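Here the structure is laid out as structure tokens; the discussion comes afterwards.
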Amino acid sequence: MEVPSATLPPIMDIDATAFSDPILAGKEADLASWLSARAPVAIGFSGGVDSAYLAVAARLALGPDRVLAIIGRSPSYPEAQWAAAREVARSFDVPVLELDTAELDDPRYAANPSNRCYFCKTELWSRVVPVARERGFGTVADGTNADDLSDWRPGAQAGREHGVASPLAELGFTKQHIRDASKRLELPTWQQPSSPCLSSRLPYGIEVTPARLKQIERAESALRALGIAGDLRVRYHEDLARVELAADELPRWLEPRRFDALRDALVATGFERVSLDLRGFRSGSLNVLHGVGA
Amino acid sequence: MTQPDRGDRTTRNATALAAAIARLGVQCSLEVRGGLALLLPVTSSVEALQAPDTRRAVLALAREHGFTHVAIELPSDRRGAGRETDAPLLRD
């Protein structure tokens, strides 16, 4: 039966959540309950898709006095991401605390073993958790999501050892759930590519140094400046850069003139040779190269 | 020729891979870096690699021959430009 338009409610009275995915809406409600039951909550905050969503969801659920987003800064954390994290916090009124971390001073981390992330997260949480507790935040959480549980994530062990909770994973939020929920909240990160630390561009066994991290950061910034969008990694193979692009970006950069521009940009950052990966971007690419898996 | 390397779990056959890629019409030299096969195509073969079907075929061949990654290098001096090889050149 067709309803006369005059009988429909005014559009502004319609609950926007009525149009959202009911499964996602349920997860969002579960997350709000989880946070409320454990408040106040401090969050390890990188400004990536996951932790940005968690921080904003916590701010909305708990108010400004019962949430604290804590950023750990180090040479493995890209400047651009730091700026993005601060902008998210400013826009959504999330209180932020910044701490310096020194994972590169740990020779076990710098040697770049396949469980490198364990030493990084050990350093991060050993600084973040005591500071959070001193400030009265009994719960410390991170942005680990349900998809991460099936990936090689040695850093997760460090989180568990420090009592860090992972509510998004616990409640079954996949990356797509987080992107969808972030879009609904108008978070600028909703379609941001995943952004692991810069050390993930170095093959295991190649020492992590500030100079190499800076070179990688400059290289990826240079490619962004050329207009490359979406997922992007500059994998470091000493003299050779191996560039992984999103599948829809790859064909046009194989065109020789564009490839020249790409190569010139990376040679200017210190690489002698430049290559394009024919498969394109894949998360954990260097794990595959080394046969490392969950 | 096989190319064992640190952390190898597979046997890689670079010679057979290079020959198989050449049969696709992609003339290139091949440098082996562990599980990475680095292709250095002659200029006239770069266009072929712009075709998704050709890239997929190269990737499938690389997997068959024990490689996990394939990348293409196009040096600034257009290494190989005008040097149409009859047989793949291997480097390591």
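Computed quantities for the displayed model
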{"read-out": "Criterion: under 18 Å from the mean Cα position of the chain (by Cα), surrounded by fewer than 17 Cβ atoms within 10 Å (Cβ to Cβ) and not basic (Lys, Arg) - qualifying residue of A:68, A:99", "value": "A:99"}
{"read-out": "So residue A:219, is it more than 16 Å from the chain's Cα centre (by Cα), over 29 Å from residue A:94 (Cβ atoms) and surrounded by fewer than 21 Cβ atoms within 10 Å (Cβ to Cβ)", "value": "no"}
{"read-out": "The one condition in (1) modelled with pLDDT of 85 or more; (2) surrounded by fewer than 14 Cβ atoms within 10 Å (Cβ to Cβ) that residue B:84 fails to fulfil", "value": "(1)"}
{"read-out": "Residues of the range B:13-47 classified as within 17 Å of residue B:60 (Cα to Cα), of a type outside the set (A, V, I, L, M, F, W, C) and within 12 Å of another protein chain (Cβ to nearest Cβ), total", "value": "1"}
{"read-out": "Tally of residues being surrounded by 20 or more Cβ atoms within 10 Å (Cβ to Cβ) and out of contact with any strand residue (DSSP E or B) (no Cβ under 9 Å at 6 or more places or on another chain) across the range A:148-162", "value": "4"}
{"read-out": "Every residue from the range A:194-237 that is of a type in the set (Val, Ile, Thr) and under 28 Å from residue A:182 (Cα atoms)", "value": "A:228, A:234"}
{"read-out": "Scope the range A:234-256; condition among the charged types (D, E, K, R) and touching a Phe, Trp or Tyr at 6+ places or on another chain (Cβ under 6 Å); matching residues", "value": "A:244"}
{"read-out": "Single residue of the range A:102-121 satisfying the filter (of a type outside the set (Phe, Trp, Tyr) and crowded, with 21+ Cβ neighbours inside 10 Å) that is nearest to residue A:41 (Cα to Cα)", "value": "A:121"}
{"read-out": "Cβ pairs under 9 Å, 6+ apart, first in the range A:129-148 and modelled with pLDDT under 95, second of a type in the set (Gly, Ala, Ser) and assigned to a loop (DSSP other than H, G, I, E, B)", "value": "A:148/A:166"}
{"read-out": "Some residue of the range A:105-120 being touching a His at 6+ places or on another chain (Cβ under 9 Å) and either within 30 Å of residue A:209 (Cβ to Cβ) or at pLDDT 95 or above (or both)", "value": "yes"}
{"read-out": "Helices (runs of 4 or more DSSP H) fully within the range A:164-270 counting 3 or more residues that are within 14 Å of another protein chain (Cβ to nearest Cβ) and either touching a residue at least 40 places away in the same chain (Cβ under 8 Å) or under 24 Å from residue B:46 (Cβ atoms) (or both)", "value": "A:250-253, A:256-267"}
{"read-out": "Any hit, the range A:89-108, residues being under 26 Å from residue A:26 (Cα atoms) and part of a helix (DSSP H, G or I)", "value": "yes"}
{"read-out": "Residue in the range B:70-81 that is modelled with the lowest pLDDT, counting only those that are within 8 Å of another protein chain (Cβ to nearest Cβ) and crowded, with 21+ Cβ neighbours inside 10 Å", "value": "B:74"}
{"read-out": "Scan of the range B:26-69 for residues that are in a loop (DSSP other than H, G, I, E, B), loosely packed, with under 15 Cβ neighbours inside 10 Å and modelled with pLDDT of 90 or more, ordered by number", "value": "none"}
{"read-out": "Residue match in the range A:128-145 (condition: in contact with a helix residue (DSSP H, G or I) (Cβ under 8 Å, 6 or more places away or on another chain), over 19 Å from residue A:39 (Cα atoms) and surrounded by fewer than 22 Cβ atoms within 10 Å (Cβ to Cβ))", "value": "no"}
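The values are calculated or read from the model by the stated rules, or taken from the named source; none is laboratory data. As the structure is a prediction and not an experimental result, all values here were calculated from the model. Virtual Cβ from ideal backbone geometry, glycine too; neighbours counted across all protein chains shown.
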